[in-house]
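Asker: This is the structure I want to talk about, given as structure tokens.
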Amino acid sequence: MVTVMKNLIKEVRISLMATVLLAILVCGLYPLAVWVAGHGLSPEKSEGSLVMSKGKVIGSSLLAQGFWGPHYFHPRPSAAGEGYDGTRSGATNWGPLSKKMIDTIRERVVAYRAENHLAPDTHVPADAVTASASGLDPHISLKNALLQARRVAKARNLTVELVMKKIDTHTEGRTFGILGGPRVNVLTLNLDLDGKL
């Protein structure tokens, strides 16, 4: 009986020590290592890539915001909550054969062409009419931005050349030089056009 109790106490002590060590590792050392690495490698992104104007946070360059009206570049459609809701990130989860998805995209293509004064046979980029998986993608394709440039220039009484330069300023290259295509951050582009950056 004494041997059994000694073994039980030994096993409990080992279990408690393992639990304490695991808690220190997982709840203390690992988060600290991630924090140090994040701040060391990319301090801006680790702080949320906050966009400031006049000392006030007005958004994050990592999250889309809804912009409406002819004088703004428009982001991808959003399925996050009621749209662009950072607390309800998500997609529609419509399948590729979903009638609802096909009808929605067809309506968006017609609306996009009309809004940007494009010919009925103009190819509309997929990102202009489909939501991203998160519903909060802050970027649009370069082609999408270029198709919106004339509308924005006209609404703001600017030359198309000036708007094209602004687009170029806010165009990011491929990730790691090979993934994806050139993309434009809609928030920073619109804020720049508003003179808030």
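We did not get these values from a lab; they are worked out from the coordinates using the rules stated. A quick note: this is a predicted structure, and the numbers were derived from the prediction, not measured. Cβ atoms come from the backbone with ideal geometry, glycine included; neighbour counts cover every protein chain shown.
Asker: So what is the 222 nm mean residue ellipticity for the chain from helices alone, if each DSSP H run of at least 4 adds -39500 (n - 2.57) and you divide by all residues, rounding to the nearest 500 deg cm²/dmol?
Answerer: Helix-only estimate at 222 nm: -14000 deg cm²/dmol.
Asker: When Lys and Arg each count +1 and Asp and Glu each count -1, what net charge do the other residues less than 13 Å away from Thr3, Cβ to Cβ, add up to? All intermediate terms of the calculation are to be shown ahead of the outcome.
Answerer: Values: positive: Lys6, Lys10; negative: Glu11.
Here the charged neighbours net out to +1.
Asker: Could you state the orientation-averaged shadow area of the convex hull built on the Cα atoms of the chain, in nm² to one decimal? Working shown, then result.
Answerer: Working: hull surface 73.8 nm².
Reported value for the Cα convex hull: 18.5 nm².
Asker: Counting only C-alpha contacts under 8 Å and six or more residues apart, can you give the relative contact order of segment 1-153 as a whole percent? Each step should come with its number before you reach the end.
Answerer: Working: 154 pairs, mean separation 34.3, N = 153.
Taking the mean separation of contacting Cα pairs over the length of segment 1-153, I get 22 percent.
Asker: A further question follows. Order of 54-62, 69-77 by packing, highest average Cβ count within 10 Å first? Write out the running numbers ahead of the final one.
Answerer: Working: 54-62: 13.1, 69-77: 19.7.
Packing order, densest peptide first, comes out as 69-77, 54-62.
Asker: Additional query: Could you give the longest part of the chain that holds none of the GluC sites (Glu not before Pro) found in DSSP loops with at most 13 neighbouring Cβ atoms within 10 Å?
Answerer: Numbers: sites that count: Glu47, Glu82.
Of all site-free stretches, the longest is 83-197.
Asker: Sticking with this one: For His71, what charge total do you get from the other residues with a beta carbon under 15 Å from its beta carbon, if Lys and Arg give +1 and Asp and Glu give -1? Walk me through the numbers on the way to the answer.
Answerer: Numbers: positive: Arg150, Arg151, Lys154, Arg156, Lys166, Lys196; negative: Glu115, Asp192, Asp194.
With Lys, Arg at +1 and Asp, Glu at -1, the net is +3.
Asker: Still on this structure: Quick check for me: using +1 on Lys/Arg Cβ and -1 on Asp/Glu Cβ, what's the dipole size of the chain about its Cα centre, in debye to the nearest 20? Kindly include the intermediate steps, with their values, before the conclusion.
Answerer: On the way: 23 positive and 16 negative charges, 20 e Å.
In debye, rounded to 20, the chain gives about 100.
Asker: Per 0.36 nm of contour for each residue apart, how much would the distance between Val34 and Ser53 grow if the chain were fully extended, relative to their Cα-Cα spacing? Could you put the intermediate results ahead of the total?
Answerer: Details: separation 19, 0.36 × 19 = 6.84 nm, distance 2.90 nm.
Difference between extended and current length: 3.9 nm.
Asker: Also, I was wondering about something else. Out of every Cα-Cα pair in segment 126-183, what percent are more than 15 Å apart? Walk me through the numbers before you get to the answer.
Answerer: Values: 907 of 1653 pairs.
Cα-Cα pairs of segment 126-183 separated by over 15 Å account for 55 percent.
Asker: Please work out how much length the chain gains when fully extended from Val20 to Ile102, using 0.36 nm per residue of separation minus the C-alpha to C-alpha distance, in nm with one decimal. Don't skip to the end; give the middle numbers.
Answerer: On the way: separation 82, 0.36 × 82 = 29.52 nm, distance 5.44 nm.
Extra length available between Val20 and Ile102 comes to 24.1 nm.
Asker: Starting from the amide H of Gly59, placed 1.01 Å from N in the peptide plane, find each other amide H under 5 Å away whose residue is 5 or more places distant or on another chain.
Answerer: Val51
Asker: Can you give the local net charge around Val36? Use residues other than it whose beta-carbon is closer than 15 angstrom to its beta-carbon, Lys and Arg +1, Asp and Glu -1. Intermediate results must be reported in sequence, preceding the final value.
Answerer: Numbers: positive: Lys45; negative: Glu47.
Once all neighbours under 15 Å are counted, the net charge is 0.
Asker: Right, next: Only helices at least 30 Å long along their own axis, judged from Cα atoms, and with Kyte-Doolittle mean hydropathy of -1.0 or greater: name those in the chain from DSSP H. Numbers along the way, then the final one.
Answerer: Working: long enough: 2-24 (33 Å, 1.37).
Once both thresholds are applied, what remains is 2-24.
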